[in-house]
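Structure, as structure tokens:
Where a number appears in this text, it was derived from the coordinates with a stated rule and is not lab data. Computed from a predicted structure; not experimentally measured. Here Cβ is always computed from backbone atoms with ideal geometry, including for glycine, and neighbour counts include all displayed protein chains.
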């Protein structure tokens, strides 16, 4: 009886561990993606800081370009 309870608890905990491991990998992938976005934004900011203030800049929105002031 106690062995069945232990086996059942083990299977439940093992299933939970698999679920949480999947969620952890998902969050780690999201963090990697955000780090890449952060790096790209920083590089863009560096490049834009070298452009004179009176220069027109444009931002791509899908296939449309938007004038940014």
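A compact table of results
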| read-out | value |
| --- | --- |
| Taking N as its residue count, the alpha carbon Rg of region 1-41 over 2.2 N^0.38 Å | 1.97 |
| Mean residue ellipticity (222 nm) of the chain, computed from DSSP H runs ≥ 4 via -39,500 (n - 2.57), nearest 500 | -26000 deg cm²/dmol |
| Equivalent ellipsoid dimensions for region 2-68 as semi-axes, Å, which come from the Cα gyration tensor, largest first | 52, 13, 5 |
| Pairwise label distance in nanometres, residue 48 with residue 23, each label 7 Å out on the Cα-Cβ vector | 3.6 |
| With Cα atoms, 0 to 90° folded angle of helix 2-49 axis to the chain main axis | 10 |
